[in-house]
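J.: Below: one structure in structure tokens.
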Amino acid sequence: MSRFYLLVIYFILFSAAVRSQDVTATLTADTNNVLIGEQIRLSIVVKTGYVKNISFPVFADTIGSLDIVELFPVDTIKKNNQIISFKKDFVVTSFDSGSFEIPPLIISYKSSDLNLREIQSNSLNLVFSTIEVDTTGMNIRDIKPPIQVPFSLEDLIPYLIAVLGLFIVYYLLIVAFGRKKHKTIKAVPKYDPRIPADLEALEALQRLDRENLWQFGKYKLYHSKLTDILRVYMHRRYHLNALEMTSGELIDELRKYESNASLETIISILNIADLAKFAKYEPSGEENSMSMKNAVSFVNQTKVLDIGVEETNNDNSGEEA
């Protein structure tokens with residue numbers, strides 16, 4: 001019985017050894033002697049009748065002292081719908097002369113017993129040569145100097161067009177920026193002079209509130225429109241160039257006309273608006289609603305009272321008394 005087990009073990013080991021011998025790796029080249037800078041195509045062929053998982057070596061930019069120009073994907077060769085070999089090609093070159101040896105390449109594969117095994121290819125010798133010059137010959141001459149081509153007007157035209165184009169661009173820039181420096185830009189807000197400033201502002205604020213801009217995440221647009229309405233109102237109310245002033249400049253001018261209570265209201269509105277417009281700040285719902293309430297309050301606090309209506313009311317109240 002013990003001999004039987006020994007024979008079985010020997011048979012298994014012998015089969016594995018035979019199968020491992022069936023896997024071969026061969027490295028070949030389409031030529032082995034070229035001039036420097038020329039390219040050589042190399043091929044690794046792994047022949048096997050049963051191995052399915054082959055791992056070729058991973059190449060970087062070089063292999064040994066040679067530069068890799070191109071890598072090709074792995075190709076398979078089949079016979080009777082069975083894979084009998086794997087092939088991987090790559091192209092190398094060298095810009096130095098001499099003889100270069102490619103060392104044996106290691107290929108990994110899984111055998112039938114699912115063990116990871118390795119096999120080596122053969123090494124390969126490649127020669128890159130330089131062009132030999134026969135210095136004994138009588139026909140050796142110096143390198144010819146560059147040929148002088150006659151210069152014509154047609155060759156000059158593209159350069160003249162380019163220079164003219166630069167001058168035109170330069171002139172346009174001077175004109176554009178020069179006008180901006182000497183021209184005082186003053187924004188003229190759009191409004192209907194027949195409608196009192198406070199009524200027009202309150203109606204515009206109501207329309208803005210119905211647009212629900214901040215409810216849809218359009219915080220910057222909401223606060224831009226809100227402050228523009230107030231700036232148009234202040235332009236009409238105080239005769240200020242409010243649309244061209246910064247928030248700080250506008251507050252400084254308003255101090256000449258309004259009390260601290262009104263100033264605190266407009267300061268709160270402008271601070272939140274500047275954060276939303278220039279700092280990508282997203283005000284809360286309470287802040288957005290409060291800005292609208294403060295805007296209405298500011299207009300009502302600072303509007304011009306109709307003296308005629310007040311006098312009429314006073315007269316009526318006197319008669320009733």
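J.: Expressed in nm², what is the orientationally averaged projection area of the convex hull enclosing the Cα positions of the range 161-289?
T.: Computing the convex hull of the Cα atoms and averaging its projections yields 11.8 nm².
J.: Mind pulling the per residue volume of the convex hull built on the Cα atoms of the range 225-314? Å³ is fine.
T.: 110
J.: Please list, in chain and number order, the residues 5+ apart from Tyr281 or on another chain whose amide H is under 5 Å from its amide H, with Hs placed from the backbone.
T.: Those qualifying (amide H under 5 Å, at least 5 residues apart or on another chain) are Ala276.
J.: Let me ask something additional. I'd like the carbon and sulfur percentage of the solvent accessible area for the range 240-298, probe radius 1.4 Å, heavy atoms only, ligands and nucleic acids excluded.
T.: 50
J.: Could you work out the percent of alpha carbon pairs in the range 205-257 separated by over 14 Å, rounded to a whole number?
T.: When every Cα pair of the range 205-257 is considered, 56 percent fall beyond 14 Å.
J.: Sticking with this structure for a sec: Can you tell me the convex hull volume per residue for the range 60-120, based on C-alpha atoms, in Å³ to the nearest whole number?
T.: 114
J.: Residue by residue, what Karplus-based ³J(HN,Hα) values in Hz, rounded to whole numbers, does the range 84-92 have, using 6.51, -1.76 and 1.60 with θ = phi - 60° and x for Gly and Pro?
T.: Result, rounded to whole Hz: 10, 7, 10, 9, 10, 10, 8, 10, 10.
J.: Taking Cα centroids, how far is the range 107-127 from the range 211-267 in Å?
T.: Using only Cα atoms to place each centre, the spacing works out to 80 Å.
J.: In addition: Order Lys78, Lys144 by their accessible area, 1.4 angstrom probe, all chains in place, largest first.
T.: Heavy-atom accessible area, descending, gives Lys144, Lys78.
J.: Okay, moving on. On a 24 Å Cα-Cα criterion, which of the cross-link pairs Lys220/Lys293; Lys277/Lys303; Lys78/Lys110 come out too long?
T.: Listed pairs above 24 Å: Lys277/Lys303.
The values are calculated or read from the model by the stated rules, or taken from the named source; none is laboratory data. Model, not experiment: these values are computed from the prediction. Note: areas computed on protein heavy atoms with side chains; ligands, DNA, RNA excluded. Shrake-Rupley method; radii C 1.70, N 1.55, O 1.52, S 1.80 Å.
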